[in-house]
Amino acid sequence: MKILVAADGSAYTKRMLAYLAAHDEWLGGQHDYTVVFSVMAVPPRAAAALDKTLLTSYYEAEAEKVFKPIRTFFGKQKINAVFVAKIGHAAENIATLAEKGKFDLIMMGSHGHSTLGNLVMGSVATKVMAHCGTPVLLVR
């Protein structure tokens, strides 16, 4: 199975990884994992004032903060994974990558807000489910 793991480095990502570790059916070489993290873009005016190298290193550093503990986790579980950093809105990036990459499943942690909370604050998970046809496994 080709699995896209959406990560943001939060406690909800850690909870999703704990779920993954606790269920043997997700471990092993029968699955192909890709981990995706989206860094919010620096506003265009600010980005224009910055050196391109500095901006690129900022995006890479932000992604590495999230990826480093996940690489360690996957290494302990003997899981090989591809790590992809995207710039922009998380829900759009996840949905686009899932569709273009023809993933079988998206795994992601969820804050577990109520329906009212989602209306007021929005939800990356809700937006991902609305914008792509790939099944989503939410771990709360």
(message) I need the semi-axes of the equivalent ellipsoid of the range 2-139: take the C-alpha gyration tensor, multiply each eigenvalue by 5, square-root it, list largest first in whole angstrom.
(response) 25, 20, 14
(request) Calculate how steeply helix 90-100 sits against the longest principal axis of the alpha-carbon atoms of the chain, using the helix alpha-carbon long axis, and give the answer as 0 to 90 degrees to the nearest 10. (result) 60 degrees
(request) Search the structure for amide H atoms under 5 Å from the amide H of Ile106, placed 1.01 Å from N in the peptide plane, and list their residues when 5 or more places away or on another chain. (result) Leu4, Val136, Leu137
(request) Taking H placed 1.01 Å from N in the peptide plane, check which residues at least 5 places from Val39 or on another chain put their amide H under 5 Å from its amide H. (result) Lys86, Ile87, Gly88
(request) For Phe83, list long-range residues whose amide hydrogen, built 1.01 Å from N in the peptide plane, is under 5 Å from its own amide hydrogen. (result) Val35
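Kirkwood Rh over alpha-carbon pairs of the range 1-40, then Stokes-Einstein at 37 °C and 0.692 mPa s: what D in µm² s⁻¹, rounded to an integer?
Values: Rh = 11.0 Å.
Calculated translational D: 298 µm²/s.
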(message) Can you compute the modelled spin-label distance between Val139 and Lys14, with each label point 7 Å from Cα toward Cβ, in nm?
(response) 1.3 nm
(request) Please build a GNM for the chain, connecting alpha carbons under 10 Å apart, and tell me which residue among Gly88, Gly29, Gly109 fluctuates the most. (result) Gly29
(message) Pick from Ser110, Ser57, Ser123 the residue whose mean-square fluctuation is largest in a GNM of the chain, springs joining Cα atoms under 10 Å.
(response) Ser57
(request) Taking only Cα atoms and a 10 Å spring cutoff, compute GNM fluctuations for the chain and point out the largest among Leu54, Leu27, Leu17. (result) Leu54
(request) Tell me the label-point distance for the pair Thr72, Lys102, using the 7 Å Cα-to-Cβ offset, in nm and rounded to one decimal. (result) 3.7 nm
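In deg cm²/dmol and to the nearest 500, what is the mean residue ellipticity at 222 nm of the chain if only DSSP H runs of at least 4 residues count, each as -39500 (n - 2.57), divided by the residue total?
Calculated mean residue ellipticity at 222 nm is -15000 deg cm²/dmol.
Rule-based calculations on the coordinates, nothing more; no lab input. Source: prediction; values computed, not measured. As a convention, Cβ positions derive from the backbone with ideal geometry for all residues, glycine included, and neighbour counts pool all protein chains shown.
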